[in-house]
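Here is the structure we will look at, set down as structure tokens.
The values are calculated or read from the model by the stated rules, or taken from the named source; none is laboratory data. This is a predicted model, so every value here is computed, not measured. Neighbour counts are summed over all protein chains in view; Cβ atoms, including those assigned to glycine, are modelled from backbone coordinates with ideal geometry.
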């Protein structure tokens, strides 16, 4: 089945320079570069070698822009399949449960490429500013009490009036734990830190980083993007910062029901015991007072972030007495959404 003129135009406009060539990066689409965002030294009292990976430099201000680009690449695959006659009819719309940043990032890209608007399943208590921002850029909003239960993908599609679409909240077909943040993961592990602190919400970013690290430390054949130090990375302690407090300021890290988090004690134990990461790697609950301290410290150095995004720094402050002061430490800041 041939594409319509509009679909042909969309297909031509989605340019993927390469899958993994650092000299031909694919992100961000309008100005591809690798690394796509900066890593720079910051001051943390008591420590001598702390660096920040700053994702606030992405188009809509967070690491979710990288996920959004992968959604566009998926649409390219749909269009190519349709052009080959493998599928018929309209290309599907997508539904997602989101508290804002993912929806803003994805819809910004969908709008740019003239693709179907995103259908957002949002909590009934969502911030009104965030809600209006999503509506302004074309998101279709459907609200409910997300605390009630974990929603099955069929329910999400039904409740967002998208019976023929795809729920990308829980679709493992999109390979969220290795594909969404693969370029970012290489940018992170190439710093070869001794300790790496990462916000843990859905868990996708944390899992991406550890899966890429596992791949590189357990093979002789390295991805062309890899420039890290193997001996350091085998011992690097990856620490996820999360919360189980429904009233936490780190609201993007809390959810009563997370659709596709594979993280559990056995998973991280296996990674530690197989030497894919350091022996202290884990996911740890942060205390609110350290989020406040992290925000003050970040603001004093002009770092653009929100509590959820700077949770890694909060965890470092919380663990201050357990971390050697002269080790190389990398804080991953996932940024702050620029609500349009």
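Key figures for this structure:
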| quantity | calculated |
| --- | --- |
| Selection status of residue 303, farther than 20 Å from residue 204 by Cα and surrounded by 15 or more Cβ atoms within 10 Å (Cβ to Cβ) | yes |
| Given (1) surrounded by 15 or more Cβ atoms within 10 Å (Cβ to Cβ); (2) under 19 Å from residue 165 (Cβ atoms), index of the condition residue 42 fails | (2) |
| Qualifying residue in the stretch 114-125 (condition: in a helix (DSSP H, G or I) and not assigned by TED's automatic domain parsing to the domain that holds residue 254) | no |
| Residue 65 vs. criteria closer than 29 Å to residue 130 by Cα and out of contact with any helix residue (DSSP H, G or I) (no Cβ under 9 Å at 6 or more places or on another chain) | no |
| Test: residue in the stretch 15-30 that is in contact with a helix residue (DSSP H, G or I) (Cβ under 9 Å, 6 or more places away or on another chain), closer than 22 Å to residue 315 by Cβ and not in a helix (DSSP H, G or I) | no |
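Condition check ((1) out of contact with any helix residue (DSSP H, G or I) (no Cβ under 9 Å at 6 or more places or on another chain); (2) assigned to a loop (DSSP other than H, G, I, E, B); (3) surrounded by fewer than 20 Cβ atoms within 10 Å (Cβ to Cβ); (4) free of Cβ contacts under 8 Å to residues at least 40 places away in the same chain) across all residues:
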| position | (1), (2), (3), (4) |
| --- | --- |
| 158 | yes, no, yes, yes |
| 161 | yes, yes, yes, no |
| 176 | no, yes, no, no |
| 180 | no, yes, no, no |
| 184 | no, no, no, no |
| 187 | yes, no, no, no |
| 193 | no, yes, no, no |
| 197 | no, no, no, no |
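Condition check ((1) surrounded by fewer than 14 Cβ atoms within 10 Å (Cβ to Cβ); (2) without any contact (Cβ under 8 Å) to a residue 60 or more places away in the chain; (3) not in a loop (DSSP other than H, G, I, E, B)) across all residues:
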| residue | (1), (2), (3) |
| --- | --- |
| 69 | no, yes, yes |
| 75 | no, no, yes |
| 79 | no, no, yes |
| 82 | no, no, yes |
| 90 | yes, no, no |
| 104 | no, no, yes |
| 130 | no, no, yes |
| 147 | yes, no, no |
| 151 | no, no, no |
